[in-house]
1. Please give, to one decimal in nm, the separation of the simple spin-label points placed at residue 10 and residue 163, each 7 Å out from Cα toward the Cβ.
2. Can you give the FRET efficiency for residue 85 and residue 46, using 1/(1 + (r/R0)^6), R0 = 25 Å, r = Cβ-Cβ distance, to the nearest 0.05?
3. If amide hydrogens are placed 1.01 Å from N in the peptide plane, which non-local residues have theirs closer than 5 Å to the one on residue 96?
4. Assuming R0 = 22 Å, what is the FRET efficiency of residue 3 and residue 99, from their Cβ-Cβ distance, to the nearest 0.05?
5. Label point 7 Å out from residue 71 along Cα-to-Cβ: which residues of the range 32-64 have amide N under 14 Å?
6. Between residue 209 and residue 155, what length comes free when the chain is fully extended (0.36 nm per residue of separation minus the Cα-Cα distance, one decimal in nm)?
7. Using the Karplus equation 6.51 cos²θ - 1.76 cosθ + 1.60 (θ = phi - 60°), what ³J(HN,Hα) coupling, rounded to whole Hz, does each residue of the range 26-33 give in order, writing x for Gly and Pro?
8. Step through the residues of the range 180-191 one at a time and calculate ³J(HN,Hα) from phi using the Karplus curve (6.51 cos²θ - 1.76 cosθ + 1.60, θ = phi - 60°), rounding each to whole Hz and writing x for Gly and Pro.
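Just so it is clear, none of the values below were taken in a lab; they were calculated from the coordinates. Note that the structure is a prediction, hence the values are computed from the model and not measured. Every residue, glycine among them, receives a Cβ derived from its backbone with ideal geometry; neighbour counts consider all protein chains shown.
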Amino acid sequence: GTFTLPAGAAGRLPAVGTISGSGQQERDERLPGMAAYALFREVADTLGRRGVAVLRYDDRGTGASGGRETLARATSADFAADVRSVVAWLRARPDVDPARILLVGHSEGGLIAPMVAVADTGIRGVALLAGPAYDGRRILAFQNEQAIAAMPGLSAAQRDSVRGTIPARLDSAAADNAWLRFFMQHDPLPVARRLRQPVLILQGNTDRQVTAEQADTLAAAQAAAG
């Protein structure tokens, strides 16, 4: 990974660990179709200019990180364990304030960050960037619906026929994929209700993978839980 310290920093600083979205991402989280934009590099640069250290890292099995042989059976829970190792590394540094470590999770990272924070109350805060509020089955059903609607030249009956095959296809895929099986079954809201740290929820209105209202759903679940 890359650990970014603010220029001229002295003493123990607040620090952020970044958590990427689904799929194996390199440390800067360059997204397909957006090669010129590196989300986590931008986060590290912006926070670094404001006195915050940032650790961004290659996901398990990607770039300079090991563990490729584990990916066939790894789930979001395993990636949460990777984040815990990141937090432990930060806490051991003499230039990081162990009481001011925060997590920034994007997409699937916004599902993982709360999993880590509810079990580690020493985490100071969490930022969720397009974090999901629904289980993966519901999210995938929506994404498939968007794909069906975009199919050219199909009648309404043909679209209904395709739509009817989706549940069985998802179940078949999940049977052979540990990550997908966990994702489809995991409900983020019970975890969100257990968070006691400050939470920043950010979402884009035009997001077609994690829909915008999920930010409101997460916020409402946390508010209702006190």
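1. Taking the simple label geometry, residue 10 and residue 163 are separated by 6.5 nm.
2. So, using R0 = 25 Å, E works out to roughly 0.50.
3. 13
4. 0.75
5. In the range 32-64, the label zone of residue 71 (backbone N under 14 Å from the point 7 Å along Cα→Cβ) covers 58-64.
6. 16.9 nm
7. Per-residue couplings from phi come out as 7, 4, 8, 6, 6, 9, x, x Hz.
8. Values per residue, Gly and Pro as x: 5, 4, 5, 4, 5, 8, 6, 9, x, 5, x, 5 Hz.
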